Amino acid sequence: MNPSRLLFLILSLVTPLTAQTPLNLQLPTDNRALFEGRPEDYYMYVVRQRDGKVTKPWTAGQYGFVRTLIQTEKEGIIATKFHEGLDIKPVRRDRNNNALDDVRAIADGEVVLVSKNAGGSSYGKYIVVQHNWGYGPFVSLYAHLATTVVETGQRVKAGTTLGRMGYTGVGLNRERSHLHLELGLISTVNFEDWLGATTNRGLYDGRNIMGIDVASLFLAHKKNPKLTIPQFLKGASPYFKVAVPRTGLAERLEIVQRYPWLAKGNHRASSSSWEIAFTDSGIPLEVIPSHREVTQATVTY
């Protein structure tokens, strides 16, 4: 990534928060089955072969642990692979079975990445749009596109066409054309340092995006258009907690500077560590000062 562009992005991520604006969320395609109580018509299935049988479960297109089944003695068959977004079925195809659905921005924002290389990642051709609703940056990601019609730096409104649904990326075919959609937080502005390598996708590499349950957010927002994402996440229960020493770079956690609503308790008072609560899918819920003495990241709950 261009160094000046990276500096601009970093500054944009840590600028003081502005007044909150409504999410104004819209579904990204013409498929509205999610709002009509027909999930089997909303999510794209995966093809599974087990015990000589072929199945096409739509449930594998949902958010969460829905992939890579294994047999266990105590719990039977469980899914072990996490799916960080939604796989949305097309509603229109041409005579050659190509998906014809336009893919649109789910909210107002700025296009921060257009990856036009169909074989560059498992996402295929994909677009990332950054949104700022007044409590830190969120990004939406639209993957497996056949075509893209926007450019980096372009401002878009909710409903702006970004491209057309397709099946670019690893492991897809025309039959399983779909939109993979994510909405998440930026993990770190030091992503390439953490990765130990440069990437032409910079901060918007999928591995640096912590995807939230966007289907549940769509449904909750439909009931309450004034809902904010911090309010939405507040309803989640902590699944595990981790304490990290409050020394060096951790004296002021970068993620709290970017998402101040994560801070709970008195962050100006002295403490030995930070205790971070996460959902079962790894989304941070709160950061609390703690007197627990730790020398490295330690699971406390």
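The values are calculated or read from the model by the stated rules, or taken from the named source; none is laboratory data. Quantities reported herein were computed from a predicted structural model and do not represent experimental measurements. Cβ sites come from the backbone with ideal geometry, for glycine too, and all protein chains shown count toward neighbours. Keep in mind that these areas ignore ligands, DNA and RNA; they rest on the heavy atoms of the full protein, side chains included. Shrake-Rupley method; radii C 1.70, N 1.55, O 1.52, S 1.80 Å.
Points worth noting:
- Shown in residue order for the stretch 126-143 are the 3J(HN,Hα) couplings computed by the Karplus curve 6.51 cos²θ - 1.76 cosθ + 1.60 at θ = phi - 60°: 8, 10, 10, 10, 9, 10, 10, 9, x, 9, x, x, 10, 10, 10, 10, 10, 10 Hz (x for Gly and Pro).
- The chain: most fluctuating residue of 181, 195, 27 per GNM, C-alpha cutoff 10 Å: 195
- Whole-angstrom gap from the stretch 81-156 to the stretch 236-293, using each part's C-alpha centre: 31 Å
- Inter-part distance, the stretch 20-60 to the stretch 181-227, computed on C-alpha centroids, equals 19 Å.
- Charge tally around residue 273: other residues with Cβ under 12 Å, Lys/Arg +1 each, Asp/Glu -1 each, net 0.
- Couplings 3J(HN,Hα) of the stretch 228-237, computed from phi: 9, 5, x, 5, 4, 6, 4, x, 7, 8 Hz, in residue order, whole Hz [Karplus 6.51 cos²θ - 1.76 cosθ + 1.60, θ = phi - 60°; x for Gly and Pro].
- Listed residues 219, 86, 185, most fluctuating in the chain (Gaussian network, C-alpha, under 10 Å): 219
- Helix 214-223 axis, angle to the chain major axis (alpha carbon atoms, nearest 10°): 90 degrees
- Crossing angle, helix 3-14 versus the chain [Cα axis fit, 0-90 degrees, rounded to tens]: 70 degrees
- Difference of contour (0.36 nm per residue) and Cα-Cα distance, residue 298 to residue 257: 12.6 nm
- Correct choice for mean projected area of the Cα convex hull in nm² that was computed from the model, options (i) 24.6; (ii) 17.2; (iii) 18.0: (iii)
- Choice from 186, 288, 70 with maximal GNM fluctuation in the chain (Cα, 10 Å cutoff): 70
- Counting only protein heavy atoms and a 1.4 Å probe, the chain has 51 square angstrom of accessible area per residue.
- Estimated [θ] at 222 nm from DSSP helical runs (n ≥ 4, -39500 (n - 2.57)) normalised by residues in the chain, nearest 500: -3500 deg cm²/dmol
- Charge sum, other residues only, whose C-beta stays under 11 Å from residue 148's C-beta, Lys/Arg counted +1 and Asp/Glu -1: +2
- Excluding same-chain neighbours fewer than eight residues apart, the lysines reachable from residue 125 by a Cα-Cα span under 23 Å are 81, 89, 116, 157.
- Long-range HN-HN contacts of residue 300 with modeled amide H, under 5 Å: 241, 242, 243
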